[in-house]
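Right, one structure below, let's go through it.
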Amino acid sequence: MEKKHIVVHYVDDALVAVCADAKLNDEVGIQAWGDELYGLVETMKGDKLVIDFSKVAFMSSSSLRVLITLNSRARNKKVKLALCGINANIMEAFKITRLDSLFKIKKTEDDAIKAL
């Protein structure tokens, strides 16, 4: 069986995708992670998606590119997207690349859901 890179659950009408990998830094894993996220957006019934990074300790720039693509696909499908659980080191990368202004980023899953 193929390894899952995200674990999904619903909270009310929001779909929450919890990233299962501690490190998003190898190209093959990032591609699989991205494919799972893209698939979620394509098949979603609702219009609220939260991606929880609380288990992620490291992300490469390739994983940031996946998030930019995901944001575009979500917008095209009228899906509202929020991120949560991003640690301080990763948040620094979001600030440097100005992605913190592209995404709704909240500390907790609850806050992210409320932001949608």
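Applying 1/(1 + (r/R0)^6) with R0 = 22 Å to the Cβ-Cβ distance of S61 and V28, what FRET efficiency is obtained, to the nearest 0.05?
Here the calculated transfer efficiency is 0.90.
With label points built 7 Å along Cα→Cβ from the Cα atoms of I96 and H9, find their separation and express it in nm.
Modelled inter-label distance: 3.3 nm.
If you place +1 on the Cβ of every Lys and Arg, -1 on the Cβ of every Asp and Glu, and leave all else neutral, what size is the dipole of the chain about its Cα centre, to the nearest 20 Debye?
Computed about the Cα centre, the dipole is about 380 debye.
Could you name the aspartates and glutamates in cross-link range of K78, using Cα to Cα under 13 Å and dropping any fewer than eight places away on the same chain?
The reachable aspartates and glutamates, counting only those whose Cα sits under 13 Å from K78, are E42, D47.
In what order do F103, F58 fall by count of nearby beta-carbon atoms within 10 Å, going from fewest to most?
Ordered from fewest to most neighbouring Cβ atoms within 10 Å, F103, F58 come out as F58, F103.
Specify which labelled value, from (1) 31, 31, 27; (2) 47, 30, 20; (3) 35, 31, 24, agrees with Cα extents along the principal axes in Å derived from the coordinates of the model shown.
Computed from the coordinates, Cα extents along the principal axes in Å corresponds to (3).
Around K80, which amide H atoms from residues at least 5 apart in sequence, or from another chain, sit under 5 Å from its own amide H, with H modelled in the peptide plane?
K48, L49
Could you pull out every one of the lysines with an alpha carbon less than 18 Å from that of K77, ignoring same-chain neighbours closer than 8 positions?
Result set, ordered by chain and number: K45, K48, K104.
In what order do I90, I51, I68 fall by count of nearby beta-carbon atoms within 10 Å, going from fewest to most? Before the final figure, lay out each step's value.
Values: I90 19, I51 26, I68 13.
Going from sparsest to densest Cβ surroundings: I68, I90, I51.
Which of rounded, prolate, oblate describes the range 63-113, given a ≥ b ≥ c as roots of the alpha-carbon gyration tensor eigenvalues and a/c under 1.5 marking rounded, otherwise prolate only if a/b is larger than b/c?
Oblate shape, in that a/c is at least 1.5 and b/c is the bigger or equal ratio.
Report the residue, chosen from L24, L81, L102, that carries the largest GNM mean-square fluctuation when the chain is represented by alpha-carbon nodes joined by springs under 10 Å.
L102
For a label point 7 Å from the Cα of Y38 along Cα→C-beta, name the residues of the range 62-84 whose backbone N is under 13 Å from it.
Backbone N within reach: 65-74.
The numbers here are math on the coordinates, done by the rules we state, and not lab data. Since we're looking at a predicted model, the values are computed, not measured. Note that each Cβ is placed from the backbone with ideal geometry, even for glycine, and that neighbours are counted across all protein chains shown.
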